[in-house]
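Okay, structure first, notes after.
Laboratory data are not the source of any read-out in this text; all were calculated from the coordinates shown. Quick caveat, the model's predicted, so the values are computed rather than measured. With ideal geometry, Cβ positions are generated from the backbone for all residues, glycine too; neighbour counts draw on all protein chains shown.
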């Protein structure tokens, strides 16, 4: 079990390595910078935010997963806001950060272990997209990568996921 807070969801259906999940709404702090489409500065910027580089100078606990949204223009990265800060999430000082509500909804997810890389992510995304179609769902969002572990976690213990918001056809 993780020592970090994670968004709440219910598993609706499972077919290893796939799941359909119903997520409750939660809040994120998102890094988006058109001058940094590969989000090279994303993690550091978000980490400084939770380390008290925010309008209230408040330290915020780390949560999982770290979410990367794959858009046509590049990537966005987000940290999940701990529940205790939902009523009053500290405002970011950095103009590349924004607080957003991650709306509740149905998501198709594929889970995998090891180190994630572009090649593996492309293969897993293709598998997930095929599974979505075969199972009568329709994609209604960009794909999102979800990373649950610290960088030093051994590959066999790593939890990575790709998730896509879906609707039943």
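Results, tabulated for the structure shown:
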quantity	calculated
Residue that is surrounded by the most Cβ atoms within 10 Å (Cβ to Cβ), among those in region 150-169 that are in contact (Cβ under 8 Å) with a residue 12 or more places away in the chain and over 14 Å from residue 21 (Cα atoms)	160
Among residues of region 102-119, those that are within 23 Å of residue 136 (Cβ to Cβ) and free of Cβ contacts under 8 Å to residues at least 40 places away in the same chain, counted	0
